[in-house]
Amino acid sequence: MIKLKKTKKDTKFTPKDDAIAKVVQEKAKVKETETEQAKDALPEKAPSSDEKKNFRGRMTIEFNRHTVPYFIAIITFAIVLYWALSHTKSLNIALSWIYNLFSPVIVGACIAFVLNVPMNGLEKIWKMIFAKKGGKMAEKLRRPICLVMSILLVLGVIFAAVFMVIPEFASSLKSLINSIPRFAANLEGWWDNILDFADEYGAILPDFKVDTDKIMNMALSLFNSLFGKGNSLFNQTISFTGTILSGVASFFVSFIFAIYLLAGKEKLAANSKRLLYAYVSEKHADRIVELSSMTNKTFFSFVTGQLTEALILGFLCFIGMQIFSFPYPIVVSVLVGITALIPLFGAFIGTAIGAFLIVLSSPIKAFWFVVFIIILQQVEGNLIYPRVVGKSVGLPGIWVLISVTVFGSAFGVLAMLVSVPLCAVAYSVLRTSVSNRLEKRKVGKEKFCPFKEREKNE
């Protein structure tokens, strides 16, 4: 019999052979991991010249469909920036033209934002009252009634402040003019006493005489130009009828635009989001919506906090003036409260006007009023304002002071009004970015916590 040899194709593997093969593969994997760990443990060698060339080649940015738009954007931005820096006058003209074109819309948005503060509060009260009993009719009437009430409330506060301050200011100015001769006589008597005292010690001082007639004529002409009937400032402004009418028309358009914004703000927000998600990627659209929501909440909190701070300052000023028996407590307190809407420094404007009103009845009381307001302003600026407004916008007190000071000195009074919420938004974005980067790097809080807290943890 001839025995045939088995070929490789005829070989059959048993389950025992499969188990042996698996063990061999596992051992090979273990050896590979050990060799990789050994390579990682070895010190890194300095790259050779060829490796450096290859590394530089890998770091070069390639031109493709993903990178070309970024290059175009950077080049366009550089060209626009160069043109703007070399043509500042043309840029100012263009910006002023754009602002004049869109000023009714901008002013209307600002009016809507201010009216939205009391309207939200009124709508919450409306829901609490008519949540169960009102039904659909109460829900339909909620927005128009609350909007009208908020408009009447804001206009009432403005007109009450104006009609309370202006007549009092006019009467105080008139009494100042009438008391000029008495002030002049007292001043001359005081100077005569100084001359007599100087003569006793052989000192020679010049004579001092006050021309009351000249001062009276100047004061009366000033009063007539401001509040007189014949040649008043109001009558002079009538000649500028075109300017006044255009301003009134622009304000009316802005006011109507604000009403439309508030009446359908939810629908407007939904349409804006729809447009955003249609033309922007979902990731970037989510980020824009998040940033817009945070900005809206920050500005809303700032407006409410600023109004609260102005009410607190005006109330404290009224209490202090009542305690120290200063004249015109209501008028001066209203002025101080209104001017306090300018962050940190606005109360000094009200102080100057209030001191001018008080000096008519008693110069000594005017001096002590200024001292009182300076102390109150220091307390308000360093304790009340950073805590009330700073907490409402999520900005620490030190950054509130820095933002108001820097923006005010760089861009003026109007920039001071928006400096705090803008810095609050930037601070929140930066804080979120820093927290995310620290989490990715797995940096513990003990690395940057204060020294006292570190000692407690230890």
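Rule-based calculations on the coordinates, nothing more; no lab input. On a predicted model such as this, the values are computed, not experimentally measured, just so you know.
Couple of notes before you dig in:
- Listed residue pairs exceeding 22 Å between alpha carbons, taken from LYS133/LYS297; LYS136/LYS297; LYS124/LYS297; LYS124/LYS265; LYS273/LYS297; LYS265/LYS297: LYS133/LYS297; LYS136/LYS297
- Computed from the C-alpha gyration tensor, the three semi-axes of the ellipsoid equivalent to region 281-433 are 37, 13, 12 Å, from longest to shortest.
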